[in-house]
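Report on the structure given below.
Computed from the coordinates by the stated procedures, all read-outs in this text should not be read as laboratory data. Since the structure is predicted, the reported quantities are computational estimates derived from the model, not experimental observations. Cβ placement follows ideal geometry from the backbone for every residue including glycine, while neighbour counts extend to all protein chains displayed.
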Amino acid sequence: MSDKTNADMFSAIGLTVPLQYDAFRYIWLTSLLFNLGVLIRGVGAAWAMTQMTASSEKVALVQTAVMLPVMLISMPAGAIADMYDRRIVGLVSLSISLAGATALTTFACFDLITPNLLLALCFVIGCGWALLSPAWQSSVSEQVPPEALPAAVALNSISYNLALSVGPAVGGIVVATAGAVATFALSALLYLPLMVALFHWRRITEPFRPPPERLNRAIVSSLRYITNSRSIKIVLIRTMVTGAIGSGIVALMPLVARDLLHGGAKTYGIMVSAFGLGSVIGALIVTELRSRMSDESAICACALSMGGAIVAVALNREPVLTAASLIVSGGAWMMGWTLLNIGVQLSAPRWMVGRSIAIHQAAGSGGIAFGSWGWGHLLDFAGVQAALLASAGLMLASPLLGLWLRIPRSTQRE
């Protein structure tokens, strides 16, 4: 679909039209609370690790523990989303994450939490999220009619980014006033409204579906398709590289707040919220960016902007300037990620939509997981500033990949 067609569709139906449909409205509102809970817990977990250990690698591994399951589970999760009732898949996924969040709250409440136990429970919570995401995203088409689908997808993106701009700051305040255990408990409670909304959703079965596949065959067919699709392979490689390089600023942000800005949990929460505010801005202007530039040029511009912003974070010690730099970094990160996601989805056939989303998530999350571990490992030897400058240098150099792996023009499905 061309950019002009997308723009015409948005203007014709309006961004808020999907909220007129009861199922989408209830799920969207409760998912906003869910996202807030996820981000509040993320602040609590990262800050709790900084208080339990002096190891920078352990702090960065919190991000790895959450993202690694997405890489490991996304492929079968995407196949499951295409094969089974997405409502049931969502409820099971949320139950897994809720069990992990409840256990985390219980152990922390009795002061039994250790760095390794924290990482293990973050991994369990990440497993639930990895199973949920493809089913959740691909179920939007079952909640609204086709003409409202682009606006519904945009609203889901806005929901997460709104939570990202507020949730970390709230998490920082909660940690500072009531401790990390309060963020874990609040996160667990905020799972419940979404579970209730999914339970009451009366899903309408699609009139046509491809013949059912076994899980192993569905995964094999996905891998076979990827192997023969040059455009998807290029986008996935670029996604993994971007995730590995850009994960530095995300994984090291607790240490930026503690060691460079000499702040506490509130400072950390505000910095993450600044990054989230940038993501909101990026999500709002990415369509305009695509209309003015090719996907390759836009991704290069995002990489250069993010690299420059990371340099600014590494070199200055003023919270206001750091927050401004993180707003730029968050906007560039969101736009680059969205452009790569669009490239994958537009290149995949409809029978593989859930799996195409999962494949993109697996590549990006794998890059973030291993990148976070790598930056944390480097940090123990070189320090926060050196690690950030290395991340910035690689990000500034990443557009050179376009000489060999140029993002194809994804105007239609293959």
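A few notes on this one:
- Between Q51, Q385, Q143, the residue with the greatest mean-square fluctuation in the GNM of the chain (Cα pairs under 10 Å linked by springs) is Q51.
- Using a simple spin-label model with pseudo-atoms 7 Å out from Cα toward Cβ, I237 and T177 lie 5.1 nm apart.
- Using a simple spin-label model with pseudo-atoms 7 Å out from Cα toward Cβ, C109 and A386 lie 4.4 nm apart.
- Relative contact order for the chain, counting Cα pairs under 8 Å that sit 6 or more residues apart, in percent: 28
- √(5λ) per eigenvalue of the Cα gyration tensor, segment 270-318, largest first, Å: 24, 15, 6
- Remark: the chain carries a charge dipole of roughly 640 debye about the Cα centre, counting +1 on each Lys and Arg Cβ and -1 on each Asp and Glu Cβ.
- Dipole magnitude (debye, nearest 20) for segment 260-353, charges at Cβ of Lys, Arg, Asp, Glu: 140
- Longest stretch of the chain clear of exposed loop sites (chymotrypsin sites (Phe, Trp or Tyr not before Pro), DSSP loop, at most 16 other Cβ atoms within 10 Å, sites excluded): 209-403.
- Rg(Cα) / (2.2 N^0.38 Å) computed for the chain, rounded to two decimals: 0.93
- A simple spin-label model places pseudo-atoms 7 Å from Cα toward Cβ; at I88 and L223 they are separated by 2.7 nm.
- The length gained on full extension between N316 and D22, counted as 0.36 nm times the residue separation minus their Cα-Cα distance, comes to 101.0 nm.
- Net lengthening on full extension, M52/S291 (0.36 nm per residue, minus Cα-Cα): 81.3 nm
- By the beta-carbon count within 10 Å of each Cβ, the least crowded to most crowded order of H200, H377, H360, fewest first, is H200, H377, H360.
- Exposure proxy shown here: for S391, S56, S159, the number of other Cβ atoms within 10 Å sets the order, fewest to most, as S159, S56, S391.
- Dividing the summed -39500 (n - 2.57) terms of all DSSP H runs of n ≥ 4 by the residue count of the chain sets its mean residue ellipticity at 222 nm at -27000 deg cm²/dmol.
- 3J(HN,Hα) along segment 78-91: x, 5, 4, 4, 7, 9, 10, 4, 5, 5, 5, 4, x, 5 Hz, from the Karplus curve 6.51 cos²θ - 1.76 cosθ + 1.60 with θ = phi - 60°, whole Hz, x for Gly and Pro.
- Derived scalar couplings between HN and Hα for segment 254-266 equal x, 6, 4, 5, 7, 9, 8, 9, 6, x, x, 4, 4 Hz in order, rounded to whole Hz, by the Karplus curve 6.51 cos²θ - 1.76 cosθ + 1.60 (θ = phi - 60°), x for Gly and Pro.
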